[in-house]
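Below is one structure, written out as structure tokens; the observations come after it.
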Amino acid sequence: MKKAPIPAVHLITDRQLAPDLPRRVAAALRGLPPRAVAVHLREKDLGGRELLALALAVGKACAEARQLFLVNDRLDVAVLVGADGVHLPSAGVPVDDARRMLGPAKLIGRSCHSRAEVEAAHAAGADFATFSPIFDTPSKRQYGAPVGIESLREAAAVGLPLVALGGITPGNAQEVRAAGAKGIAAIRSWLAGEDPAAALRSLLGRDP
């Protein structure tokens, strides 16, 4: 099975912002070309049973829309639901261990916050990395000050596809892409508004 390309937009979940995640995902993805978007299930506070049930529901919505579905951190859940891949925290399971468990056709991402971490992820065989926080955003303030556009540019030179995360909006998405990001990631912009499909089209640079 051929490995999927890295999508242009990555939607990260937070059910505190949108309690009915499967419905929100389905609404956001409606009418898009196949594999334009990856949805990352990131619900750290859920136990295994609850996370598995949510993964099955969100994964079904992604499959029906022909978009990619990744699970954050939990390799076991990713395998059980047949996800398209996994996204690993910076201090999570090593990439090579994840690869042995998932196989060669699945996507493996790693969270990175510096060029050195990107270099390590690249050497370990990750398919992509999120690089954050680019701009100030409430969900990333606990991790320190924003890394900024220049740090993104330097990290992109490593050669590993980067997905920029942290304060990304339709207004700054082009600047981020110009600095070398292969994709952009969003949390609040697609979960907190009334029209998730419109928010996603804006992130993709499509007309309403």
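Please treat every number below as a calculation from the coordinates, not as lab data. Note that this is a predicted model, so its numbers are computed, not measured. So basically every Cβ, Gly included, is an ideal-geometry build from the backbone, and we count neighbours across all protein chains shown.
Of the options Val93, Gly183, Phe69, report the single residue whose Cα projects farthest towards the positive end of the charge dipole of the chain (beta-carbon charges: Lys, Arg +1; Asp, Glu -1).
So the residue we want is Phe69.
Find how much the distance from Ala157 to Arg49 grows on full extension, using 0.36 nm per residue of separation minus their present alpha carbon separation; answer in nm with one decimal.
34.8 nm
Expected output is a single nm value to one decimal: the length gained when fully extending between Ala192 and Ala63, i.e. 0.36 nm times separation in residues minus the C-alpha distance. What is it?
44.1 nm
How much net charge surrounds Leu80 when only other residues with a Cβ under 12 Å from its Cβ are counted (Lys, Arg +1; Asp, Glu -1)?
So the surrounding residues net to +1.
GNM on the chain, C-alpha springs below 10 Å: top fluctuator among Leu107, Leu52, Leu162?
Greatest mean-square fluctuation among the candidates belongs to Leu52.
Express the relative contact order of the chain as a whole percentage, based on alpha carbon pairs under 8 Å and six or more residues apart in sequence.
21
Hydropathy at least 0.5 by Kyte-Doolittle, axial extent at least 15 angstrom from the Cα trace: which helices of the chain, defined as entire DSSP H runs, fit?
Helices passing the filter in the chain: 48-64.
Charges at C-beta only: +1 for Lys and Arg, -1 for Asp and Glu. How large is the resulting dipole of the range 69-204 about its Cα centre, in Debye rounded to 20?
The calculation lands at about 60 debye.
Can you tell which of Gly166, Ser202, Ala145 lies farthest toward the positive end of the dipole of the chain, using +1 and -1 charges on the Cβ of basic and acidic side chains (Lys, Arg; Asp, Glu)?
With unit charges placed on the Cβ atoms, the residue in question is Ser202.
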